[in-house]
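**Q** Once you've had a glance at the structure underneath, I'll fire off some questions.
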Amino acid sequence: MSRQLNPNQQKISEKLIILNDRGIGILTRIYNIKKACGDTKSKPGFLSEKSLESSIKFIVKRFPNIDVKGLAAITNIKSEIIKSLSLYYYTFVDLLDFKDNVCEILTTMDALQIH
């Protein structure tokens, strides 16, 4: 005997399918970022430059409280850095949005006592 789903459960099941597909897409994008940053040929060029090595170490050490006065070398190529890292940035923005959506649907499922 099959059980009928109420409209709320149908919407939640559709949302779960969509979130599953989005999750797979985000995992793929993160894997591609990991692969690209691990390969010296596809890694953004400025990450390998010797002249920027000390600035990058400074940023990593002090993040997120960075004093930009000591980063003149990076200021000169700021637009190139923004352009080459924008896809990575938007991937992580999408990841945070995905996390919020998952938390929202899990809260809804808990409120409706769907197990």
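**Q** For Rg and Dmax of the Cα atoms in Å, the choices are (i) 17.1, 47; (ii) 21.2, 71; (iii) 16.1, 51; which was calculated from the structure?
**A** Evaluating Rg and Dmax of the Cα atoms in Å on these atoms matches (ii).
**Q** Same structure again: In percent, how large is the relative contact order of the chain, given Cα pairs closer than 8 Å and 6 or more residues apart?
**A** Averaging sequence separation for qualifying contacts and normalising by length gives 38 percent for the chain.
**Q** Give me the lysines in straight-line cross-link reach of K35: C-alpha distance below 29 Å, same-chain residues under 8 apart excluded.
**A** By straight Cα distance, K35 reaches K43, K50, K57, K61, K78, K83, K99.
**Q** Another one. Divide by every residue of the chain the summed helix terms, -39500 (n - 2.57) for each DSSP H run of at least 4, and state the resulting mean residue ellipticity at 222 nm, rounded to the nearest 500 deg cm²/dmol.
**A** For the chain, the value works out to -24500 deg cm²/dmol.
**Q** Helix 78-111: angle to the longest alpha-carbon principal axis of the chain, degrees 0 to 90, nearest 10?
**A** 20
Each value in this text was obtained by applying a stated rule to the coordinates, not by laboratory testing. It should be emphasised that the depicted structure is a prediction, and the values quoted were computed from it without experimental measurement.
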